[in-house]
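**Q** Quick one: the structure is below, and I'll ask about it shortly.
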Amino acid sequence: MHKQKLADSAGLPTTFQRKLIFLLLGSNVIACLMNMICMRAALHVPPASDPVDVASGPERVVLPGSAPEVDLQDLDFYAGPKPLATTPVAAERTCGPCSARIHGALPTTQRHSSAQRAESCTWALREGMRLSGAIDDAPFPLPTDAAKEFCFELGETCKGIACRTKPGEDEERCLLRAGDFVAGPSGGKEDRTHLKDCSAELGQSPGSGKDCDDVDVGNGDLDGDDNDLYSSPAGAGSEAGRRRDLRQAAVVVLAHNREEDLKACLHSLFGQQDAALFKFYVSLDDPQAGASMAESARVVASEHGLDVDIWNVEKRVADESMYNRDVLNWIETYTTAKIAHHYWVAFERAFMEHGYEFAIFVEEDLKFSPDFLALFRSTAWLLEEDPSLWCVSSWNDMGFKVSFSDECRLFRTSYFPGLGFLLPRRAWLRLRDMWPDAPTMGWDYWMRVAFRTEGKECVIPEISRSHHVAEHGSSVNTEKQRKLFRSMALAQLPNTCSTSAEGPPCRQFGDVSYLREATYERLLRAAVAASPQLALDDLMTKANAEVASEKRECLEQHENLGTFESAEACAALVLANPDCAHEFQYPPAEPSWGCRCCKLDKAPGKPHDAWNVYIARRRPPDPGEAQLDKGQLYVVPYVFKDFDKLVGLVGLRPAGTLSAIPKDVRAEHHGVFLGRHLASRAQVLLVDRRSSHGYLLPSDQLRPSEGLAVVPAIGRDMSCSETCQERGMRCDAEQLHFVNNCSLLQQHFDCKFCAHQVGEELPVYVSESSNMNVGQCLVTFISPMKCDPKHAHTQRLCACVPA
């Protein structure tokens, strides 16, 4: 491994020289000169004895000869060098992309908001001209300032905005455009095209010393009463903790047989500017491709001046006396079994054989942002100080381009994300004792259950630091899935952390102390309490429904949107669903049949006496009607059955990706997750009314019913309706949500493991010896739970209430 050192400070100008240059050349030239010097410093490798005073922070270095040589044996396994007894001198500072000031209704350290940065772009007006190329993910016309901000957030995807004021409306509204050129006159439609130029955008690169607002890393420099909100309880997190860095940890790449994907992944990984601070392994589980894959890995590592070790994973051979036929078949033939085994071996080797305290795990089909490793370096100390945290992941399951833009904000999530994550050894020591023989729904879904059962969470970024690029794989097989992953954002912040083994601790994300459990909960509760509350209907665009064809249905239906009291009520959701045509079918005399939107270009169809086909049309707001403010955070309470309606409204299901992945609530923190109202660009905090953390007012919170009895079925193939009736009670399907957890199942059944599954009869215990899940307790993240279903292999756990 190559280890870069900080540049010899003798190569830097003295304070007197810097002042003289400033006087002679002016501030612009001195800024350019200092950047050149910093580039030289980053490339120069000085003698090994050059010491650095870590205790002084990133703005101080120690001159040669002023302190004893650092002995590598004195370095903490996890941290940088111990503080040296020296008198350090000040050096020029460079601001990081994120500051030490924690601010905002939802905490962030971002220096400049998207709105501020968009305003610093120039927007050249082209009257009567039009940009070509609509943007699928931005179907709604927006007010001019909101459209500019959204266009800025989409980066190079958006070239400008096309605006128009409709007759009878006062406000200009704009659509985003992706075209590379002005297509020509608009044909008298009076479009006003604004061409975007953000080449001199505010905050494009780190600032210089006088502009920094994070000289002292603390609880944030806030205004007014916010200081009390962001301050930490006494003793909660030490300054020493925030100064630690992650160095010489393992990075393990799990690969199968996709050689080109592996090479691209390794180039992205080894190209990280601080890659030399880590130890790399490639773990291979396909013996036929192993030799070629290993050679490619070594070649790529050599090109980057790094070393890589190869692990070979042998096929799992199951003891036939221990498992039934279905389990043996799963182990032998299922892809989920092979992947689960590969992860088990990788975890065991990293933590048990090599003894790493921390290890990062990625897969061969990922690429990474410039600050991928800096994310883990900036946050690893939290895993030591906060026992409620078990991982840091580079992946946000909800991190779509249309929804998120803050590259500095980090979240806590109770939904294990995978796809590039840091795990501590202490977590694995517990997980290995819980690991099931057959995680039939996948190792990652089992991890999600385990994390929730143990009350643990992960740290994730608002904007992902890893990106799924493969066109084919175990979880990427359809165009919908490929489109979903292409819709994910990938951060582009430069990595500003030291590349030296003795450099200052990494603070790429500024002060991340707000992620400690008690602080995060306090801030989240304050945000929910202070934000205006909306209903689901408030997120929908006001719409009218015009009859297009009576007694007729769609040529081809796209989706049943649910039951509505009128066609007008359904029209609003049709407009909010990017996968729906504006035509839909609705049965006026039979509303319980549901409202069905038509597939694009597939209406109308065959005759039917009960259905009419309607066209949904956007209705202009009434005079004085309140509009959502894009600068305001709103709270929307929800229950799981509303989730499908919500995701399209708040930018969490891109157009054309319906059913691309399972419909579980991802990236959530105990039922709370963030979205962006597409029609206004306002941030929306979705809060589960059944959350066990009770974030809402009592009048909005759903709690277990008084008199609720949690009752196990006495045998297999018995429904909850039958179980409750035997006790003189009735089953309440709404209360099944409160018994859908492993802890309650473990109280009533002898669960060998607990895992996720799908099915309307869940939660259950599998007692049939021939079933591949025998001995497991099963919960669900996805399925609607009902009272009447039953299964011949399982015993249900029921929610019974007084009849």
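**Q** Over segment 724-803, what relative contact order in percent results from Cα pairs under 8 Å that are six or more residues apart?
**A** 40 percent
**Q** How big is the accessible area of Asp788 in square angstrom, nearest 10, if you roll a 1.4 angstrom probe over the protein chains?
**A** 110 Å²
**Q** Under a crude label model (7 Å from the Cα following the beta-carbon direction), how far is Leu697 from Asp319 in nanometres?
**A** Each label point is offset 7 Å from its Cα along the Cβ direction, giving 6.0 nm.
**Q** Using amide H atoms built in the peptide plane, which far-off residues or other-chain residues are under 5 Å from His669 H to H?
**A** Ser414
**Q** Remind me, what semi-axes does segment 440-590 give for its equivalent ellipsoid, largest first in whole Å, using sqrt of 5 times each Cα gyration tensor eigenvalue?
**A** Taking √(5λ) for each eigenvalue gives 43, 24, 18 Å, largest first.
**Q** Under the rule of at least 5 residues apart or a separate chain, name every residue whose amide H is placed under 5 Å from the amide H of Cys598.
**A** Excluding prolines and chain starts, which carry no amide H, the hits are His558, Ala581, Glu583, Phe584, Gln585.
**Q** Residue-wise, which Karplus ³J(HN,Hα) couplings in Hz belong to segment 791-803, taking 6.51 cos²θ - 1.76 cosθ + 1.60, θ = phi - 60°, and x for glycine or proline?
**A** Each residue of segment 791-803 in turn: 9, 5, 9, 10, 10, 7, 10, 10, 10, 10, 10, x, 5 Hz.
**Q** Follow-up. Quick check: Cα centre of segment 749-803 to Cα centre of segment 358-382, how many Å?
**A** After rounding, the separation between the Cα centres reads 37 Å.
**Q** Show me, for segment 753-763, the HN-Hα J-couplings you get by feeding each phi into the Karplus relation (A = 6.51, B = -1.76, C = 1.60, θ = phi - 60°), rounded to Hz, glycine and proline as x.
**A** 9, 10, 8, 8, 8, 10, x, 6, 8, 6, x
**Q** Ignoring everything but the protein chains, give the 1.4 Å probe accessible area of Thr336 in square angstrom, nearest 10.
**A** 50 Å²
**Q** Would you work out the charge dipole size for segment 328-439 about its Cα centre, treating the Cβ of every Lys and Arg as +1 and the Cβ of every Asp and Glu as -1, and quote it to the nearest 20 debye?
**A** 100 debye
**Q** Also: Go through segment 404-415 residue by residue and turn each phi into a ³J(HN,Hα) via Karplus (6.51, -1.76, 1.60, θ = phi - 60°); whole Hz please, and just put x for glycine and proline.
**A** After applying 6.51 cos²θ - 1.76 cosθ + 1.60, I find 10, 8, 8, 7, 9, 6, 10, 10, 9, 9, 8, 10 Hz.
**Q** Hey, another quick one. Over segment 435-578, with every protein chain in place, what whole percent of the accessible area is carbon and sulfur at 1.4 Å, could you tell me?
**A** Details: 2470 of 5140 Å².
Answer for segment 435-578: carbon and sulfur cover 48 percent of the accessible area.
**Q** Working out 0.36 nm times the residue gap between Asp609 and Glu156, then minus their Cα-Cα distance, what length gain in nm do you get to one decimal? Could you put the intermediate results ahead of the total?
**A** Numbers: separation 453, 0.36 × 453 = 163.08 nm, distance 4.99 nm.
Here the answer is 158.1 nm.
**Q** For segment 524-645, just run the numbers: alpha carbon Rg, then divide by 2.2 N^0.38 Å, N being how many residues it has.
**A** Ratio of Cα Rg to 2.2 N^0.38 Å: 1.20.
**Q** Long-range amide H contacts for Met718: which residues qualify at under 5 Å (H placed 1.01 Å from N, peptide plane, sequence gap of 5 or more or a different chain)?
**A** Those qualifying (amide H under 5 Å, at least 5 residues apart or on another chain) are His791, Arg796.
**Q** Please report the relative contact order for segment 663-803, taking Cα pairs under 8 Å with a sequence separation of at least 6, and give it as a percent rounded to a whole number. Before the final figure, lay out each step's value.
**A** Working: 286 pairs, mean separation 40.7, N = 141.
Rounded, it is 29 percent for segment 663-803.
The values are calculated or read from the model by the stated rules, or taken from the named source; none is laboratory data. Computed from a predicted structure; not experimentally measured. Please note: Cβ atoms are built from the backbone with ideal geometry, for glycine as well, and neighbour counts cover all protein chains shown. Protein only, heavy atoms only, side chains kept; ligands, DNA and RNA dropped before computing areas. Shrake-Rupley method; radii C 1.70, N 1.55, O 1.52, S 1.80 Å.
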